[in-house]
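Student: What follows is a structure written as structure tokens; I'll ask about it next.
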Amino acid sequence: MAYQVNGQTVEHDEEGYITTLSDWSRDLAEEIAKTENVNMTDEHWAVVDFLREYYDEYQIAPAVRVLIKAIAKQMGPEIGNNKYMYELFPYGPAKQACKIAGLPKPTGCV
Amino acid sequence: MSETKKFLYVNRKAPYGTIYALESLEVVLIGAAFEQDVSLAFLDDGVFQLTRGQDTAGIGIKNFSNTFRALGDYDVTKLFVERESLDERGLTEADLQAITYEDENDDWAEKPSIRVVSRAEMADIMASQDVVLSF
Amino acid sequence: MSTLHTVNKSPFGNGALQSCLKHCKPGDAVLLIEDGVYGAIAGSALAAEVRAGLSDVALYVLEGDVKARGIDAGKILGEVKSVGYGGFVDLVTSHDRTQAWL
């Protein structure tokens, strides 16, 4: 199972999470988002960028409540709230946004 | 049951030789969702988990020492480290990485999460818990 | 308010029992299980250290683990009480918490 992007093949697992984290690129993120029926806007990108920075610093993808709290602090409560985040990523801001960000499934997600 | 219980995670193993340390940290992160009164204890070889400057690039294992710094986001803000265990291993508090949290009740002031305690204080901390989980 | 401590490693290859004894409070109990039962052998190099920790702490061994390892009852420290699985459960319920030393 693989994504095709710019002539490159990027392996992913049965749920769509890429297997090698260093394979990630912004073009790949757009490609993954397409398969998730997510149209990437600036707000989507802000969340994805936040997740990647968080992972880079702490080696984990944050739990959804941690993500939303942190987004609220960084970008304001009108973006950092449950409702808006689920509008951006209908299948769950942690799961879906992590997939697009090229990260493993968040710790604690089954 | 909405009553808050006191949970203590006891860490007595060095980080990379066995899976205990990583497993403990994952259980802490998952357990944080239950919003209990959580503390972590580091004693014996467990104090090695918190040393600064860990670089696992050469052994192909994730450097999860960075993850301890995320615990504040999960409202885990009490990391008790036993002074005698540090002494026995030739370590001081200066050898440990800085781990802080932002205090919601104090205008998000940044405060240290690590508290070095004596062995007698550690025994008191253990004896004051509802649940003790050992790793 | 007291604690039941369990130790499941031999004290000759692991510091769990020694650390456990240093963190016990008066009135606590220590139950040696699996390879932990080797810590109850009288006349070992560690026997004196173990006995010194027992002034206000009760020490138990799990009978099945002692027998499985061929340790003669006469080789066990005199202070030690032997319990079966039922006794293990009684110890758990008669203390406020159980803490494992691995």
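The values are calculated or read from the model by the stated rules, or taken from the named source; none is laboratory data. Values in this document were obtained by computation on a predicted structure and should not be read as measured data. Don't worry about glycine lacking a Cβ; one is built from the backbone with ideal geometry, like all the others, and counts go over all protein chains shown. Keep in mind that these areas ignore ligands, DNA and RNA; they rest on the heavy atoms of the full protein, side chains included. Shrake-Rupley method; radii C 1.70, N 1.55, O 1.52, S 1.80 Å.
Student: Please verify whether the stretch C:17-36 includes one or more residues that are open to solvent by 20 Å² or more (accessible area, probe 1.4 Å), among the small types (Gly, Ala, Ser) and more than 13 Å from chain B (Cβ to nearest Cβ).
Tutor: No.
Student: Answer yes if at least one residue in the stretch B:108-125 is touching an Asp or Glu at 6+ places or on another chain (Cβ under 7 Å), among the acidic types (Asp, Glu), open to solvent by 60 Å² or more (accessible area, probe 1.4 Å) and modelled with pLDDT of 95 or more, and no otherwise.
Tutor: yes
Student: Can you pull out the helices (runs of 4 or more DSSP H) entirely within the stretch B:19-135 that have at least 1 residues that are in contact with a Cys (Cβ under 9 Å, 6 or more places away or on another chain) and within 8 Å of another protein chain (Cβ to nearest Cβ)?
Tutor: The qualifying helices (runs of 4 or more DSSP H) are B:119-127.
Student: For the subset of the stretch C:37-47 comprising residues that are in a helix (DSSP H, G or I) and either under 11 Å from the mean Cα position of the chain (by Cα) or touching a residue at least 40 places away in the same chain (Cβ under 8 Å) (or both), which member is farthest from the other protein chains (Cβ to nearest Cβ)?
Tutor: For the stretch C:37-47, the residue satisfying everything is C:40.
Student: Would you call residue C:10 part of a loop (DSSP other than H, G, I, E, B), farther than 27 Å from residue B:128 by Cβ and among the hydroxyl-bearing types (Ser, Thr, Tyr)?
Tutor: Numbers: part of a loop (DSSP other than H, G, I, E, B): yes; farther than 27 Å from residue B:128 by Cβ: yes; among the hydroxyl-bearing types (Ser, Thr, Tyr): yes.
For residue C:10, the condition - part of a loop (DSSP other than H, G, I, E, B), farther than 27 Å from residue B:128 by Cβ and among the hydroxyl-bearing types (Ser, Thr, Tyr) - is met.
Student: If you check residue A:52 against the conditions, is it of a type in the set (Lys, Arg), within 14 Å of chain B (Cβ to nearest Cβ) and either assigned to a helix (DSSP H, G or I) or closer than 15 Å to residue B:70 by Cβ (or both)?
Tutor: no
Student: With acidic (Asp, Glu) and within 17 Å of residue A:93 (Cα to Cα) as the only criterion, which of A:14, A:30 stands out?
Tutor: A:30
Student: Across the stretch A:10-33, what is the number of residues that are without any contact (Cβ under 8 Å) to a residue 24 or more places away in the chain and over 13 Å from the mean Cα position of the chain (by Cα)?
Tutor: Summing the residues that are without any contact (Cβ under 8 Å) to a residue 24 or more places away in the chain and over 13 Å from the mean Cα position of the chain (by Cα) in the stretch A:10-33 gives 9.
Student: Need the failing condition index for residue A:7 against (1) without any contact (Cβ under 8 Å) to a residue 24 or more places away in the chain; (2) within 14 Å of chain B (Cβ to nearest Cβ), just the number.
Tutor: All conditions pass for residue A:7, except number (2).
A quick yes/no check of all residues on (1) part of a loop (DSSP other than H, G, I, E, B); (2) in contact (Cβ under 8 Å) with a residue 24 or more places away in the chain; (3) within 14 Å of residue B:70 (Cβ to Cβ):
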position: A:57; (1), (2), (3): no, no, yes
position: A:69; (1), (2), (3): no, no, yes
position: A:74; (1), (2), (3): no, yes, no
position: A:83; (1), (2), (3): no, no, no
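Student: Would you mind finding the one in C:50, C:61 that is open to solvent by less than 80 Å² (accessible area, probe 1.4 Å), of a type in the set (A, V, I, L, M), touching a residue at least 12 places away in the same chain (Cβ under 8 Å) and in a helix (DSSP H, G or I)?
Tutor: C:50
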